[in-house]
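Structure first, then comments.
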Amino acid sequence: MLPYYFQLINITVYAIIVLFFLFATAISFHENENKATLLFLLTGFFIFCVMYFLIFLNPFKKHEILLVLDAFIFIVFIVLFAPYKGKYKLGADKPKIQFDERDTIFSRKDLVPGSELFEAYYHQNPKNKKPDDEFRKKPGLLSPNATKYEIQSFSAANANFKAVQLLKSGIDGEINKTVGVFDEIVMQKFILNWIKKLGAHNVGITELKSYHLYHTKGRGETYNKKVINVHKYAIAFTVEMDKEMMDAAPDGPTVMESSQQYLNAGIIAVQVAGFIRELGYEAKAHIDGNYDLICPLVARDAGLGEIGRMGLLMTPKLGPRVRIAVITTNLPLPFKPTQRESSTIHFCEICKKCADNCPSKAISFERRTLTDNGLRWKIDSESCYNYWCIVGTDCGKCIQVCPFSHPNNIIHNFIRWGIKNNEIFRHLALKLDDFYYGRKPKKQIVNWMN
């Protein structure tokens, strides 16, 4: 029999490990992750059996085996959790030029064949004509003829997008001529806290830069107009997209949820912009279909995340499972420049799970490349949108499979902390995510819709 104190130490250590896996089992069961639930349970049971065999049965009648095992666990713990972020560098990822909104796929899809604007755009950009002709042959986003069409979620998404358009009258407006007197720091805290109170997941402030802005508008009646924005500050915030809905990607519930959060973000942005104008300062809301700027770039510089391999904002606790809105203003807003985080980009560098699962093969497997638009991964937007026009949804498969998209809870946040803290842990976390959740996770059924 082992000495009492030695037994107690080992029982405590292994009990903590077993309890971790049992807790992970319960969380996975709650998340409807059947494969992960089973594998976490089996892992915990295996560790328990090994623990019981070595500590209580002790068939070898020696302490050395347990000592070696304890030393191994201690070394692994140090290697995985010691602060070691590695030498990965973000590089020059700030654009040197301004983007033209007319070149975005969402602007090009609105061009009416045969119209003056249609002919003028493709005369200046003939390389875009062939890929754009391809998606125009397909049924289209939210079309009843799309392969993923079903009436409930498609109709709900259409209603959401129409509701977003109703917000258009509130994105800008009349300014109260009486400027209020207030403490700038107190007002900044109030606005940030209020935005969260209204339903935002996270919020940040940054100084508005020229590369945040489009140089020319490309949507609706503002088409061809130069972007003039004299505001100094930008407030960026994210809203969460429901995990269960996004796990149905690329089926209808994903576009239903995506459109719902565009609407929710739009309501918050319009409401807060109106509040700032009531204070006597200029403010404009930038929401779906009405952007003067590129929301992910603003949100990144406001400290809300990094732009990952899939071209979306990767937030620390929800990954890309968010929608973004921005408010620009000349209201004085004290803020501190945020510290950029390289660990997220390094994880995207080694992960490639979104590229593996992209149905349209629009996501690159290669390293980031340096262009006038900065060091970034280039997304094949034509292939991506072409797939949208086939299935009728905005897909969301890359969001579903991203390891950062797991729910915001203690287990997943512990893994996120390890990814941020230690380079070696990132490689292990990726392998474990593939093992427990699958390299190519299957879409889930949204139970409440049935």
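Residues considered: Glu240, Glu207. Of these, the only one that is surrounded by 16 or more Cβ atoms within 10 Å (Cβ to Cβ), assigned by TED's automatic domain parsing to the domain that holds Asn373, among the acidic types (Asp, Glu) and closer than 22 Å to Leu304 by Cβ is Glu240. Please indicate, with yes or no, whether at least one residue in region 73-96 is closer than 22 Å to Asp292 by Cα and not in a loop (DSSP other than H, G, I, E, B). No, region 73-96 has no match at all.
Among residues of region 268-289 that are touching a residue at least 24 places away in the same chain (Cβ under 8 Å) and more than 17 Å from Lys232 (Cα to Cα), those with a Cβ under 7 angstrom from a residue that is part of a loop (DSSP other than H, G, I, E, B) and among the β-branched types (Val, Ile, Thr), sequence gap 6+ or separate chain, pair up as Val270/Ile171; Ile287/Ile171. Exactly one residue out of Lys94, Lys89 is in contact with a strand residue (DSSP E or B) (Cβ under 7 Å, 6 or more places away or on another chain) and either exposed (fewer than 14 other Cβ atoms within 10 Å of the Cβ) or at pLDDT below 90 (or both), and it is Lys94. Between Leu304, Leu263, the distinction of being within 30 Å of Val186 (Cα to Cα) and within 15 Å of the chain's Cα centre (by Cα) belongs to Leu304 only. Scanning region 113-157 for residues that are more than 23 Å from Glu257 (Cα to Cα), of a type in the set (Gly, Ala, Ser) and in a loop (DSSP other than H, G, I, E, B) yields a count of 2.
For region 176-279, list the helices (runs of 4 or more DSSP H) that sit wholly inside it and hold at least 1 residues that are in contact with a helix residue (DSSP H, G or I) (Cβ under 8 Å, 6 or more places away or on another chain), over 15 Å from Val326 (Cβ atoms) and among the small types (Gly, Ala, Ser); which are they? First the steps, then the outcome.
On the way: elements: 184-197, 243-246, 252-278.
In region 176-279, 252-278 are the helices (runs of 4 or more DSSP H) which contain 1 or more residues that are in contact with a helix residue (DSSP H, G or I) (Cβ under 8 Å, 6 or more places away or on another chain), over 15 Å from Val326 (Cβ atoms) and among the small types (Gly, Ala, Ser).
Is one or more of the residues making up region 328-343 among the aromatic types (Phe, Trp, Tyr) and under 18 Å from the mean Cα position of the chain (by Cα)? Before you say what the answer is, go through the steps one by one.
Here is the first cut: in region 328-343, the ones among the aromatic types (Phe, Trp, Tyr) are 335.
If we keep only those that are under 18 Å from the mean Cα position of the chain (by Cα) too, we end up with none.
No.
The values are calculated or read from the model by the stated rules, or taken from the named source; none is laboratory data. The model shown is predicted, which means the values in this text are computed figures rather than measured ones. Neighbour counts run over all protein chains shown; Cβ positions are idealised from the backbone, glycine included.
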